[in-house]
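The values are calculated or read from the model by the stated rules, or taken from the named source; none is laboratory data. None of these values were measured; they are calculated from a predicted model. Glycine also receives a Cβ, built like all others from the backbone with ideal geometry; neighbour counts cover every protein chain displayed. Calculation scope for accessible area: heavy atoms of the full protein, side chains included, ligands and nucleic acids excluded. Shrake-Rupley method; radii C 1.70, N 1.55, O 1.52, S 1.80 Å.
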Amino acid sequence: GFKGSTYEMVKVLSVVGGIPSYLEKISERYMADENIKQLCFEKNGALTTEFNEIFHDLFNGQGSTYKKMLYVLIDGMKDLSAIQDTLDDVTSDSLDVMMQDLVTAGFVSNHYSWSLKTEQLGKQNLYRLSDNYVRFFLKYIEPNLPKIELGRYKDMSLDDLPGWDTILGLQVENLLLNNRPLLLQALDIKSSNVVADNPYMQRPTTRHKGCQIDYLIQTHTKNLFVCEFKFKRREVGSAIIREVKEKIKQLSTPRGFGIVPVLVHLSGVVGAVSESRYFYRIVDIQDLIEPL
């Protein structure tokens with residue numbers, strides 16, 4: 001019964017993910033911001049207290065350690081050694097088991113690095129905090145719990161919160177990565193043609209600079225689809241072309257590979273972007289949701 005626009009719908013989904021019990025708490029009487037405020041920014045909001053209840057029930061008194069592991073992943077993917085560096089009281093064997101617990105529980109996704117040139121998977125797995133609600137709680141609700149207790153958000157617009165657009169952008173990025181089959185379909189890429197697809201981090205070396213791609217798809221036909229995600233209230237401007245060109249320039253690409261730039265957005269693009277014909281596809285998130 002939710003009556004909001006696609007933008008409003010994506011905003012709600014970016015916070016609660018696709019968890020049915022959370023979606024059932026969304027009231028058709030309110031738009032996205034008011035729903036999010038009541039669920040996440042009120043003293044006894046359903047999602048203000050949900051996280052601690054989950055961890056108490058699942059991890060038998062070890063919740064604090066598991067929580068530390070999630071905090072390490074809050075700003076991006078990490079391998080086990082990077083996670084280990086921040087947890088002095090956990091052995092490497094225990095860490096491996098506990099990380100698998102988080103994967104099984106659905107809070108974390110296990111990803112891989114790979115070589116563009118050899119197409120071989122990396123030796124170390126990368127872990128990503130993939131649960132949208134848990135990520136939102138740790139990133140934005142928990143740091144503000146003292147203010148929530150005092151009722152400071154009762155009459156405040158969420159758009160006025162510091163960094164609100166940035167955190168929503170990261171939440172939507174997480175949402176898209178959790179639904180990558182829809183992206184492959186929008187790009188007419190068959191899963192059988194995919195060598196690897198993940199967020200891609202190129203570490204700096206003496207030969208090339210570091211760069212980070214929101215979502216990189218490598219195909220058996222030697223194409224690299226460089227996907228840029230943008231979630232804004234205003235149309236995406238022509239500066240996006242320069243941004244993506246710079247990332248591609250920094251990406252160390254094997255000889256003979258094709259580079260295919262893709263833009264995924266929600267708020268529309270200015271005419272200059274579509275008229276430039278720079279992007280292979282300009283994918284509107286609205287088109288991914290409407291068929292559902």
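List of remarks:
- Taking all protein chains as shown and a probe of 1.4 angstrom, SER21 keeps an accessible surface of around 60 Å².
- Relative contact order (percent, whole number), the range 1-104, Cα cutoff 8 Å, 6+ residue spacing: 15 percent
- Between the listed residues VAL283, LEU58, ALA239, the Cα displaced farthest toward the positive end of the dipole of the chain, a dipole computed from Cβ unit charges relative to the Cα centre, is found at ALA239.
- Lys, Arg +1 and Asp, Glu -1 on Cβ, resulting dipole of the chain about Cα centre, debye, nearest 20: 1180 debye
- Residue ranking by accessible heavy-atom surface, 1.4 Å probe, largest first, among SER276, SER267 comes out as SER276, SER267.
- Of the accessible area of the chain, computed with a 1.4 Å probe over protein heavy atoms only, carbon and sulfur atoms account for 48 percent.
- Solvent-accessible surface of the chain, averaged per residue with a 1.4 angstrom probe and all protein chains in place: 52 square angstrom.
- Counting only DSSP beta bridges whose two residues both lie in the chain, roughly 60 percent are antiparallel.
- Greater than 27 Å apart at Cα, pairs in LYS117/LYS249; LYS67/LYS209; LYS3/LYS37; LYS67/LYS245; LYS43/LYS232; LYS3/LYS247: LYS67/LYS209; LYS67/LYS245; LYS43/LYS232; LYS3/LYS247
- Helical content of the chain, expressed as a calculated mean residue ellipticity at 222 nm, amounts to -11500 deg cm²/dmol (DSSP H runs of 4 or more residues, -39,500 (n - 2.57) each, divided by residue number, nearest 500).
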